[in-house]
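A short worksheet on the structure shown next.
Bear in mind these aren't lab numbers, they're just calculated from the coordinates by the rules spelled out. Owing to the predicted nature of the structure, the values given are computational and were not obtained by experimental measurement. Glycine also receives a Cβ, built like all others from the backbone with ideal geometry; neighbour counts cover every protein chain displayed.
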Amino acid sequence: MASSTEPAPGQAAPAALLAPADVARVVDRMAHQLIEKAGDALADLVLVGIPTRGAPLARRLAARVEAFSGARVDTGTVDITLYRDDLRLRGVRALEDTVLPPAGIDGRLVVLVDDVLFSGRSVRAALDALRDLGRPRAVQLAVLVDRGHRELPIRADYVGKNVPTSRAQTVRVHLTETDGTDEVLVTEGAA
Amino acid sequence: MKRHLLESADLDRADATLVLDTAAQIDQALAGREVKKLPTLRGRTVVNLFYEDSTRTRISFELAAKRLSADVINFSAKGSSVSKGESLKDTALTLEAMGSDAIVVRHSASGAPHRLAHWVQGSVVNAGDGTHEHPTQALLDAYTIRRRLGRLDGVRVVVVGDVLHSRVARSNVWLLTTLGAEVTLVAPPTLLPVGVGSWPVTVSYDLDAVLPKADVVMMLRVQLERMTASFFPSAREYSRRYGLDAVRMAALGDDAIVMHPGPMNRGMEIAADVADSVRSTIVEQVGNGVSVRMAVLYLLLGGNA
């Protein structure tokens, strides 16, 4: 794991990349892009969040898409823990919810939703999980923050904010549902 | 979690709850799926080392390991080098030399899995040792109770029958107590172990007196293969005093459930119409066993091995 070599000078407050109002604006913009890009497929749209923070993010996006388009949007969550390729490196952890809409995902347009896109390994695990859950017509990816440093040939279709970072930095997304506030922070040093 | 699962006491409340929660998540993740398989233990090898006959436990462990994509080797003492006199230790070391990551062991000698755990590098899971423990059965029972009743804390569980020879009863007493349930044992005095006074349980000899207050009635199998002395006068008398029939079942509260670890002696400890009633969770227990064993294998083998 990367670790910061320079000492943290007096533990400066982490720079807030996105404040609460920014997060709301970014989510709204992504919802508009989803509507535009999905076009006629909007009725088939399923937003599937990757726990932990992808799950509430997917529900928020769905709510905004519904508000802007009037169409009902299904949501779900897919836990990827059992599909991870780093279990042996990082040890086992508790599992999270896997919930699909009653209509399933077969033949539909699935948009995976996550908070941060980094190495791309979570997305790969999610794609593997989706393959076992059904056969979507197409799969797309929406992330709140893309911080670069991909280790796999994966890219996002919808990006809330591109953030150039160094590997030594940590990007943290906080959402009201899980952390009590909406913000995106960049801190020096590995998590 | 410890590296091995040898007895219920290996699990504190947090660990036991983690196993049950993990099983619930696995159940949820696999519900209604076409591909009931997860890649989690790809490349791991699980050996089922069975020195005693078993249907459901062996198949359940095999299925659990296969659903997690582990390779499974089934070893039964019959038809192996054990009949040529190979010891438990040499058998285990042989299996490990071939690359097993976990050994699921059933043995007629109490404590055999503990010995095994000292000899091998990998994880050891006790699948029943003599009259000692059968921890995954207790976990699946706890899981079944929690699913049916929604809780374990304060649940009143009555365990009826051959407690003396029952590893299921022992494992359940410790695990259910850890999880906050209140356990009452009901048995003829001859079928209670000597040290039962030191267990965290209430003991009764009168089934009819405890049934109205029970949330769960767990019937134990009368283990005819272990009945080396006359523990009760006749099967008929045992059945009349300690068997669960429709009349006794009517004394239960509305939401109370009836459990049995299987295999059943229908007509002996449990009447056929009770075993097939809506209160009975017997078939459900078998299904839950696979999920719970998947959870155990994941938690023991999924991370650093």
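Quick rundown of the values:
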item: 10 Å Cβ neighbours from other chains, averaged over peptide A:131-143; result: 2
item: Cα extents of the range B:159-305 along the three principal axes, largest first (Å); result: 53, 35, 29
item: Full-stretch length increase - A:A63, A:V99 - with 0.36 nm per residue and alpha-carbon distance subtracted; result: 11.2 nm
item: Spin-label model distance (nm) - B:A109 vs A:D86, 7 Å beyond Cα toward Cβ; result: 4.5
item: Share antiparallel - DSSP beta bridges, chain B, percent rounded to 5; result: 5
item: DSSP bridge orientation in the range B:29-162 - percent antiparallel, rounded to nearest 5; result: 5
item: Long-range HN-HN contacts of B:S280 with modeled amide H, under 5 Å; result: B:V258
item: Viscosity 0.692 mPa s, 37 °C: Kirkwood-radius Stokes-Einstein D of chain A over Cα pairs, µm²/s; result: 190
item: Protection proxy ranking, peptides B:269-275, A:18-24, average beta carbon neighbours within 10 Å, highest first; result: B:269-275, A:18-24
item: Protection proxy ranking, peptides A:26-37, B:178-189, average beta carbon neighbours within 10 Å, highest first; result: B:178-189, A:26-37
item: Sequence-separation-based contact order of the range B:135-281, relative, with Cα cut under 8 Å and 6+ spacing, percent; result: 24
item: Computed E for B:S76/A:A168 - FRET, C-beta separation, R0 60 angstrom, nearest 0.05; result: 0.65
item: Kirkwood Rh and Cα Rg combined as Rg over Rh, evaluated for the protein assembly as shown; result: 1.05
item: Counted charge near A:L95, where neighbours are those whose Cβ lies closer than 12 Å (Asp, Glu -1; Lys, Arg +1); result: -3
item: Of the DSSP H helices in chain A, those whose Cα atoms cover at least 15 Å axially and whose Kyte score averages 0.0 or more; result: A:54-69
item: Inter-probe distance in nm under a simple model that places probes 7 Å from Cα toward Cβ, at B:T190 and A:H149; result: 7.2
item: Chain A - mean residue ellipticity at 222 nm from DSSP helices (-39,500 (n - 2.57) per run, n ≥ 4, rounded to 500); result: -9000 deg cm²/dmol
item: Too-long pairs where the Cα-Cα distance tops 32 Å, listed order kept, from B:K2/B:K37; B:K2/B:K36; B:K2/B:K89; B:K2/B:K66; B:K2/B:K84; result: B:K2/B:K84
item: Computed lengthening from B:R266 to B:R236, 0.36 nm per intervening residue step minus Cα-Cα distance; result: 9.5 nm
item: Prolate/oblate/rounded call for the range B:8-120, Cα gyration tensor, a/c under 1.5 rounded; result: prolate
item: Derived scalar couplings ³J(HN,Hα) [the range A:83-99; Karplus, 6.51 cos²θ - 1.76 cosθ + 1.60; whole Hz; x for Gly, Pro]; result: 10, 5, 9, 10, 4, 6, 7, 10, x, 6, 9, 5, 8, 10, 5, 10, 10
item: Of all DSSP beta bridges in the protein assembly as shown, antiparallel share, percent nearest 5; result: 15
item: Calculated [θ] (222 nm, deg cm²/dmol) that DSSP helices of n ≥ 4 give over chain B, each run adding -39,500 (n - 2.57); result: -11000 deg cm²/dmol
item: Axial C-alpha extent at least 20 Å, average Kyte-Doolittle at least -0.5 - helices from chain B (DSSP); result: B:13-30, B:135-149, B:282-301
